[in-house]
Amino acid sequence: MKLATLKDGSRDGRLVVVSRDLTRATEAFNIAPTLQKALDDWDRVAPRLSDLAEQLEHGSVPTFRFHEHKCASPLPRALQWADGSAYVNHVELVRKARGAEMPESFWTDPLMYQGGSDSFLGPRDAITMADEAWGIDMEGEVAVVTGDVPVGVSPSDARAHIRLVMLVNDVSLRGLIPAELAKGFGFFQSKPSSAFSPVAVTPDELGNAWDGAKLHLPLCVDLNGKPFGRVEAGEDMTFDFGQLIAHAAKTRPLSAGSIIGSGTVSNKDPEGSRGHSCIAELRMIETIRDGKPKTPFLRFGDEVRIEMMDATGHSIFGAIEQKVQKFTLAP
(Lines give C-alpha, C1' and ligand atoms only; values in the text may rest on other atoms or scores of the structure.)
Protein backbone atom coordinates (compact mmCIF):
# COMPACT_ATOMS: atom_id res chain seq x y z
CA MET A 1 0.00 0.00 0.00
CA LYS A 2 0.93 3.62 -0.46
CA LEU A 3 0.49 6.17 2.29
CA ALA A 4 0.72 9.97 2.33
CA THR A 5 0.20 12.80 4.76
CA LEU A 6 -1.80 15.81 3.60
CA LYS A 7 -1.23 19.26 5.03
CA ASP A 8 -4.21 20.34 7.12
CA GLY A 9 -2.80 23.09 9.31
CA SER A 10 -1.80 20.74 12.13
CA ARG A 11 1.74 19.67 12.98
CA ASP A 12 1.31 16.08 11.84
CA GLY A 13 -1.18 16.41 8.99
CA ARG A 14 -3.75 13.75 8.16
CA LEU A 15 -3.10 10.25 6.87
CA VAL A 16 -4.51 9.09 3.53
CA VAL A 17 -4.18 5.92 1.51
CA VAL A 18 -3.10 6.56 -2.09
CA SER A 19 -3.84 4.52 -5.21
CA ARG A 20 -0.99 2.66 -6.88
CA ASP A 21 -1.04 5.06 -9.84
CA LEU A 22 -0.90 8.08 -7.48
CA THR A 23 -4.07 9.62 -8.92
CA ARG A 24 -6.60 9.04 -6.12
CA ALA A 25 -6.70 8.86 -2.35
CA THR A 26 -9.10 8.02 0.45
CA GLU A 27 -9.24 9.16 4.05
CA ALA A 28 -7.74 6.86 6.69
CA PHE A 29 -8.88 8.89 9.69
CA ASN A 30 -11.18 6.20 11.11
CA ILE A 31 -8.25 3.77 11.17
CA ALA A 32 -5.38 6.09 12.11
CA PRO A 33 -5.42 9.90 12.00
CA THR A 34 -1.67 10.21 11.36
CA LEU A 35 1.10 8.01 10.06
CA GLN A 36 2.84 8.04 13.44
CA LYS A 37 -0.33 6.71 15.07
CA ALA A 38 -0.43 3.94 12.48
CA LEU A 39 3.21 3.02 13.11
CA ASP A 40 2.67 2.98 16.88
CA ASP A 41 0.04 0.25 16.46
CA TRP A 42 1.20 -1.27 13.17
CA ASP A 43 0.31 -4.92 13.73
CA ARG A 44 -3.33 -4.01 14.32
CA VAL A 45 -3.62 -1.05 11.97
CA ALA A 46 -1.66 -2.20 8.91
CA PRO A 47 -4.11 -4.96 7.87
CA ARG A 48 -6.98 -2.47 8.04
CA LEU A 49 -5.07 0.08 5.97
CA SER A 50 -4.20 -2.65 3.48
CA ASP A 51 -7.89 -3.57 3.15
CA LEU A 52 -8.68 0.09 2.59
CA ALA A 53 -6.01 0.25 -0.11
CA GLU A 54 -7.61 -2.68 -1.93
CA GLN A 55 -11.03 -1.05 -1.67
CA LEU A 56 -9.52 2.10 -3.12
CA GLU A 57 -8.17 0.16 -6.11
CA HIS A 58 -11.60 -1.38 -6.70
CA GLY A 59 -13.42 1.94 -6.37
CA SER A 60 -15.56 0.76 -3.46
CA VAL A 61 -14.75 3.64 -1.07
CA PRO A 62 -15.11 7.42 -1.41
CA THR A 63 -12.10 8.94 -3.15
CA PHE A 64 -10.70 12.32 -4.11
CA ARG A 65 -8.03 13.49 -6.51
CA PHE A 66 -4.53 13.08 -5.07
CA HIS A 67 -2.27 16.09 -5.52
CA GLU A 68 1.37 15.72 -4.56
CA HIS A 69 1.79 19.44 -3.95
CA LYS A 70 -0.67 19.19 -1.05
CA CYS A 71 1.52 16.66 0.78
CA ALA A 72 3.68 17.12 3.81
CA SER A 73 6.49 14.68 4.41
CA PRO A 74 4.89 11.26 5.14
CA LEU A 75 6.15 11.93 8.67
CA PRO A 76 6.16 15.74 9.03
CA ARG A 77 8.22 15.23 12.18
CA ALA A 78 9.75 11.99 13.40
CA LEU A 79 11.08 10.51 16.60
CA GLN A 80 14.38 9.65 14.91
CA TRP A 81 16.21 10.55 11.69
CA ALA A 82 19.52 8.73 11.37
CA ASP A 83 21.28 9.02 8.03
CA GLY A 84 23.96 6.57 7.03
CA SER A 85 26.57 6.59 4.30
CA ALA A 86 25.93 3.20 2.81
CA TYR A 87 27.52 3.94 -0.56
CA VAL A 88 31.15 3.97 0.47
CA ASN A 89 32.17 4.94 -3.07
CA HIS A 90 30.80 8.40 -2.25
CA VAL A 91 32.93 8.63 0.90
CA GLU A 92 36.00 7.39 -0.99
CA LEU A 93 35.59 10.11 -3.62
CA VAL A 94 35.25 12.80 -0.94
CA ARG A 95 38.53 11.77 0.65
CA LYS A 96 40.36 11.19 -2.62
CA ALA A 97 39.46 14.68 -3.84
CA ARG A 98 41.25 16.17 -0.84
CA GLY A 99 44.16 13.72 -0.99
CA ALA A 100 43.22 11.77 2.14
CA GLU A 101 43.43 8.02 2.58
CA MET A 102 40.25 6.24 3.60
CA PRO A 103 40.47 4.02 6.69
CA GLU A 104 39.79 0.35 5.99
CA SER A 105 37.17 0.35 8.77
CA PHE A 106 34.90 2.47 6.55
CA TRP A 107 34.23 -0.69 4.49
CA THR A 108 33.11 -2.69 7.53
CA ASP A 109 31.60 -0.17 9.96
CA PRO A 110 28.91 2.22 8.66
CA LEU A 111 29.11 5.98 9.03
CA MET A 112 25.93 7.49 10.47
CA TYR A 113 24.82 10.82 11.86
CA GLN A 114 21.73 11.81 13.81
CA GLY A 115 19.85 14.51 11.92
CA GLY A 116 17.19 16.95 13.00
CA SER A 117 13.75 15.38 12.73
CA ASP A 118 11.47 18.08 14.09
CA SER A 119 10.86 20.06 10.88
CA PHE A 120 10.98 18.05 7.67
CA LEU A 121 10.15 19.86 4.45
CA GLY A 122 7.21 18.80 2.33
CA PRO A 123 8.11 17.31 -1.06
CA ARG A 124 7.16 20.52 -2.90
CA ASP A 125 8.30 22.99 -0.23
CA ALA A 126 11.03 25.45 -1.21
CA ILE A 127 14.58 25.12 0.08
CA THR A 128 15.04 28.51 1.70
CA MET A 129 18.54 29.63 2.62
CA ALA A 130 20.03 32.98 3.57
CA ASP A 131 23.26 32.73 1.58
CA GLU A 132 24.35 30.89 -1.59
CA ALA A 133 27.88 30.90 -0.18
CA TRP A 134 26.80 28.19 2.25
CA GLY A 135 27.17 25.72 -0.64
CA ILE A 136 23.60 24.47 -0.99
CA ASP A 137 23.47 20.90 -2.28
CA MET A 138 20.89 18.20 -2.89
CA GLU A 139 21.46 14.59 -1.89
CA GLY A 140 19.23 11.96 -3.44
CA GLU A 141 18.72 9.02 -1.11
CA VAL A 142 16.47 6.10 -0.20
CA ALA A 143 15.13 5.76 3.36
CA VAL A 144 13.14 3.27 5.38
CA VAL A 145 10.75 3.80 8.28
CA THR A 146 10.95 1.24 11.05
CA GLY A 147 8.63 -0.20 13.63
CA ASP A 148 9.92 -0.69 17.17
CA VAL A 149 13.44 -2.12 16.92
CA PRO A 150 15.01 -3.93 19.92
CA VAL A 151 18.48 -2.97 21.06
CA GLY A 152 21.18 -5.26 19.71
CA VAL A 153 19.12 -6.55 16.79
CA SER A 154 21.06 -8.50 14.16
CA PRO A 155 21.22 -7.20 10.58
CA SER A 156 19.16 -10.14 9.33
CA ASP A 157 16.47 -9.72 11.98
CA ALA A 158 16.43 -5.94 11.47
CA ARG A 159 14.91 -6.42 8.02
CA ALA A 160 11.64 -7.57 9.58
CA HIS A 161 11.27 -4.19 11.29
CA ILE A 162 11.14 -2.22 8.02
CA ARG A 163 7.63 -0.85 7.59
CA LEU A 164 7.88 1.68 4.77
CA VAL A 165 10.24 2.88 2.07
CA MET A 166 10.53 6.43 0.70
CA LEU A 167 12.91 8.84 -1.06
CA VAL A 168 14.90 11.69 0.47
CA ASN A 169 16.48 14.98 -0.47
CA ASP A 170 18.99 15.36 2.34
CA VAL A 171 19.82 19.04 1.87
CA SER A 172 23.44 19.78 2.77
CA LEU A 173 25.37 23.03 3.15
CA ARG A 174 28.81 22.11 1.85
CA GLY A 175 30.34 25.46 2.73
CA LEU A 176 29.52 24.99 6.41
CA ILE A 177 30.50 21.34 6.77
CA PRO A 178 34.33 21.58 7.02
CA ALA A 179 34.41 24.04 9.93
CA GLU A 180 31.61 22.21 11.71
CA LEU A 181 33.23 18.78 11.43
CA ALA A 182 36.57 20.26 12.48
CA LYS A 183 35.05 20.87 15.91
CA GLY A 184 34.77 17.09 16.30
CA PHE A 185 31.10 17.06 17.22
CA GLY A 186 29.41 16.30 13.90
CA PHE A 187 26.79 17.98 11.71
CA PHE A 188 24.23 20.49 12.91
CA GLN A 189 23.99 23.81 11.05
CA SER A 190 25.30 22.20 7.87
CA LYS A 191 22.38 19.75 7.76
CA PRO A 192 19.12 21.74 7.55
CA SER A 193 15.65 20.23 7.14
CA SER A 194 15.43 17.28 4.75
CA ALA A 195 12.54 16.58 2.37
CA PHE A 196 10.88 13.22 1.73
CA SER A 197 8.82 11.87 -1.15
CA PRO A 198 5.06 12.55 -1.21
CA VAL A 199 4.32 8.86 -0.69
CA ALA A 200 5.80 6.15 1.52
CA VAL A 201 5.20 2.58 0.36
CA THR A 202 5.18 -0.80 2.02
CA PRO A 203 7.98 -3.07 0.74
CA ASP A 204 5.53 -5.45 -0.96
CA GLU A 205 4.58 -2.65 -3.38
CA LEU A 206 8.12 -2.76 -4.78
CA GLY A 207 7.92 -6.34 -6.04
CA ASN A 208 11.18 -7.88 -7.20
CA ALA A 209 12.92 -4.52 -6.98
CA TRP A 210 13.02 -4.95 -3.19
CA ASP A 211 15.21 -7.80 -1.92
CA GLY A 212 14.41 -7.27 1.74
CA ALA A 213 17.14 -4.73 2.43
CA LYS A 214 17.97 -2.94 -0.85
CA LEU A 215 15.95 -1.23 -3.57
CA HIS A 216 17.13 -2.19 -7.04
CA LEU A 217 15.97 0.68 -9.26
CA PRO A 218 17.56 3.85 -10.66
CA LEU A 219 17.16 7.04 -8.65
CA CYS A 220 16.25 9.88 -11.02
CA VAL A 221 17.72 13.26 -10.05
CA ASP A 222 17.07 16.30 -12.25
CA LEU A 223 18.44 19.81 -11.96
CA ASN A 224 16.61 22.66 -13.70
CA GLY A 225 14.65 20.24 -15.84
CA LYS A 226 17.68 18.31 -17.09
CA PRO A 227 18.88 14.84 -16.02
CA PHE A 228 21.61 15.06 -13.40
CA GLY A 229 21.75 11.45 -12.24
CA ARG A 230 20.28 8.03 -12.96
CA VAL A 231 22.23 6.09 -10.36
CA GLU A 232 21.30 2.50 -9.52
CA ALA A 233 20.21 2.37 -5.88
CA GLY A 234 20.78 -1.39 -5.55
CA GLU A 235 24.38 -1.34 -6.79
CA ASP A 236 27.47 -0.51 -4.75
CA MET A 237 25.45 -0.24 -1.53
CA THR A 238 28.11 -1.47 0.87
CA PHE A 239 25.73 -1.58 3.84
CA ASP A 240 22.11 -2.61 3.30
CA PHE A 241 19.21 -1.35 5.40
CA GLY A 242 19.38 -4.35 7.71
CA GLN A 243 22.96 -3.45 8.53
CA LEU A 244 22.16 0.25 8.92
CA ILE A 245 19.27 -0.43 11.29
CA ALA A 246 21.40 -2.83 13.34
CA HIS A 247 24.13 -0.20 13.52
CA ALA A 248 21.66 2.43 14.79
CA ALA A 249 20.24 -0.03 17.35
CA LYS A 250 23.57 -1.33 18.67
CA THR A 251 23.26 0.47 22.00
CA ARG A 252 19.67 1.70 22.06
CA PRO A 253 16.23 0.57 20.89
CA LEU A 254 14.57 2.47 18.05
CA SER A 255 11.00 3.66 18.40
CA ALA A 256 8.35 3.04 15.76
CA GLY A 257 8.56 5.84 13.23
CA SER A 258 12.36 6.01 13.17
CA ILE A 259 13.73 6.94 9.74
CA ILE A 260 17.00 5.42 8.52
CA GLY A 261 18.59 6.94 5.42
CA SER A 262 20.96 5.32 2.95
CA GLY A 263 23.14 8.35 2.37
CA THR A 264 23.85 9.67 -1.12
CA VAL A 265 23.20 7.00 -3.74
CA SER A 266 26.48 6.51 -5.58
CA ASN A 267 27.87 4.07 -8.12
CA LYS A 268 31.42 3.15 -9.07
CA ASP A 269 31.08 4.66 -12.52
CA PRO A 270 34.44 6.09 -13.68
CA GLU A 271 32.97 7.46 -16.91
CA GLY A 272 30.15 9.21 -15.07
CA SER A 273 27.62 7.84 -17.56
CA ARG A 274 24.93 7.51 -14.88
CA GLY A 275 25.50 10.93 -13.43
CA HIS A 276 25.30 11.65 -9.72
CA SER A 277 22.88 12.14 -6.85
CA CYS A 278 24.54 15.25 -5.46
CA ILE A 279 26.61 18.13 -6.81
CA ALA A 280 29.46 17.55 -4.37
CA GLU A 281 30.27 14.19 -5.95
CA LEU A 282 30.49 15.70 -9.43
CA ARG A 283 32.74 18.43 -8.05
CA MET A 284 34.96 15.77 -6.47
CA ILE A 285 35.38 14.03 -9.81
CA GLU A 286 36.14 17.36 -11.49
CA THR A 287 38.77 18.04 -8.82
CA ILE A 288 40.38 14.62 -9.28
CA ARG A 289 40.31 14.95 -13.08
CA ASP A 290 40.98 18.66 -13.64
CA GLY A 291 42.53 19.86 -10.41
CA LYS A 292 39.55 22.00 -9.43
CA PRO A 293 35.74 21.86 -9.48
CA LYS A 294 33.73 23.80 -12.04
CA THR A 295 30.10 22.90 -11.32
CA PRO A 296 28.53 25.40 -8.89
CA PHE A 297 26.38 24.40 -5.96
CA LEU A 298 22.69 25.29 -6.02
CA ARG A 299 21.76 28.91 -6.58
CA PHE A 300 18.58 30.81 -5.85
CA GLY A 301 16.03 29.92 -8.52
CA ASP A 302 17.41 26.44 -9.20
CA GLU A 303 14.94 23.55 -9.17
CA VAL A 304 15.64 20.00 -7.99
CA ARG A 305 13.52 16.93 -8.78
CA ILE A 306 14.05 13.46 -7.26
CA GLU A 307 11.91 10.51 -8.32
CA MET A 308 11.99 6.75 -8.92
CA MET A 309 10.14 4.83 -11.63
CA ASP A 310 9.05 1.21 -11.66
CA ALA A 311 9.85 -1.20 -14.49
CA THR A 312 6.92 0.16 -16.51
CA GLY A 313 8.01 3.78 -16.15
CA HIS A 314 5.45 4.83 -13.54
CA SER A 315 6.40 6.92 -10.53
CA ILE A 316 6.45 4.87 -7.32
CA PHE A 317 6.79 7.50 -4.60
CA GLY A 318 5.79 10.67 -6.43
CA ALA A 319 8.36 13.40 -6.90
CA ILE A 320 10.35 15.59 -4.56
CA GLU A 321 10.35 18.87 -6.48
CA GLN A 322 11.91 21.88 -4.79
CA LYS A 323 12.99 25.38 -5.75
CA VAL A 324 15.87 27.10 -3.99
CA GLN A 325 14.83 30.47 -2.60
CA LYS A 326 16.42 33.21 -0.55
CA PHE A 327 15.34 33.29 3.06
CA THR A 328 14.19 36.60 4.50
CA LEU A 329 12.91 37.31 7.96
CA ALA A 330 9.25 38.26 8.14
CA PRO A 331 8.71 41.93 9.14
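Counting only residues that are under 24 Å from the mean Cα position of the chain (by Cα) and more than 18 Å from Val199 (Cα to Cα), which one in segment 35-44 is surrounded by the most Cβ atoms within 10 Å (Cβ to Cβ)? Among those residues, the one meeting the criterion is Asp40.
Of everything in segment 174-205 that's in contact with a helix residue (DSSP H, G or I) (Cβ under 7 Å, 6 or more places away or on another chain) and open to solvent by 30 Å² or more (accessible area, probe 1.4 Å), which residue is nearest to Met309 (Cα to Cα)? So the residue we want is Arg174. Scanning segment 284-311 for residues that are at pLDDT below 95 and not charged (D, E, K, R) yields Met284, Ile285, Thr287, Ile288, Gly291, Pro293, Ala311.
Report yes if Leu176 is under 15 Å from the mean Cα position of the chain (by Cα) and in contact (Cβ under 8 Å) with a residue 24 or more places away in the chain, otherwise no. In short, no.
A Cβ distance below 6 Å, combined with a sequence gap of six or more or placement on separate chains, defines the contacts here; from segment 184-207, residues that are basic (Lys, Arg) reach residues that are surrounded by 20 or more Cβ atoms within 10 Å (Cβ to Cβ) in the pairs Lys191/Gly115.
Give segment 117-151 a look and list any residue that's farther than 30 Å from Asn224 by Cα and part of a strand (DSSP E or B), or say none.
Correct list: Thr146, Val149.
For segment 176-205, a residue qualifies if it is more than 19 Å from Lys323 (Cα to Cα) and not in a helix (DSSP H, G or I), and the qualifying residues are Leu176, Lys183, Gly184, Phe185, Gly186, Phe187, Phe188, Gln189, Val199, Ala200, Val201, Thr202. Would you confirm whether any residue within segment 240-257 is at pLDDT 95 or above, more than 22 Å from Leu173 (Cα to Cα) and touching a His at 6+ places or on another chain (Cβ under 6 Å)? Scanning segment 240-257, I find no residue that is at pLDDT 95 or above, more than 22 Å from Leu173 (Cα to Cα) and touching a His at 6+ places or on another chain (Cβ under 6 Å), so the answer is no. Does Val61 satisfy the condition of being open to solvent by 20 Å² or more (accessible area, probe 1.4 Å) and at pLDDT 95 or above? Yes.
Those residues that are under 18 Å from Gly135 (Cβ atoms), modelled with pLDDT of 95 or more and open to solvent by 40 Å² or more (accessible area, probe 1.4 Å), I need them from segment 313-331; list them, please.
Of everything in segment 313-331, those that are under 18 Å from Gly135 (Cβ atoms), modelled with pLDDT of 95 or more and open to solvent by 40 Å² or more (accessible area, probe 1.4 Å) turn out to be Lys323, Gln325, Lys326.
Number of residues in segment 152-175 that are of a type in the set (D, E, K, R), farther than 23 Å from Ile316 by Cβ and either in contact with a strand residue (DSSP E or B) (Cβ under 6 Å, 6 or more places away or on another chain) or part of a loop (DSSP other than H, G, I, E, B) (or both) equals 1.
Determine, yes or no, whether Leu3 is open to solvent by less than 10 Å² (accessible area, probe 1.4 Å), closer than 20 Å to Asp125 by Cα and touching a Leu at 6+ places or on another chain (Cβ under 9 Å). The answer is yes for Leu3.
On the given criteria, is Ser10 at negative phi and crowded, with 23+ Cβ neighbours inside 10 Å?
The answer is no for Ser10.
If the condition is being surrounded by fewer than 22 Cβ atoms within 10 Å (Cβ to Cβ) and of a type in the set (Gly, Ala, Ser), then segment 123-168 contributes Ala126, Ala130, Ala133, Gly135, Gly147, Gly152, Ser154, Ser156, Ala160.
Listed by position, the strands (runs of 3 or more DSSP E) inside segment 206-312 whose residues that are open to solvent by 30 Å² or more (accessible area, probe 1.4 Å) and under 25 Å from Asp118 (Cα atoms) number at least 1 are 303-307.
Return the total of residues in segment 179-226 being within 22 Å of Ala126 (Cβ to Cβ) and over 16 Å from the mean Cα position of the chain (by Cα). So the count comes out to 8.
Pairs are defined by a Cβ separation below 7 Å, a sequence spacing of at least 6 or placement on different chains, a first member in segment 106-118 that is closer than 13 Å to His90 by Cβ and open to solvent by 40 Å² or more (accessible area, probe 1.4 Å), and a second member that is in a strand (DSSP E or B) and not hydroxyl-bearing (Ser, Thr, Tyr); the pairs so defined are Leu111/Gly84. Would you check if Glu286 is at negative phi and free of Cβ contacts under 8 Å to residues at least 12 places away in the same chain? The answer is yes for Glu286.
The values are calculated or read from the model by the stated rules, or taken from the named source; none is laboratory data. The structure presented is a predicted model; accordingly, all values stated were derived computationally and were not measured. Please note: Cβ atoms are built from the backbone with ideal geometry, for glycine as well, and neighbour counts cover all protein chains shown. Side chains are part of the model used for accessible areas, which takes the heavy atoms of the whole protein and leaves out ligands, DNA and RNA. Shrake-Rupley method; radii C 1.70, N 1.55, O 1.52, S 1.80 Å.
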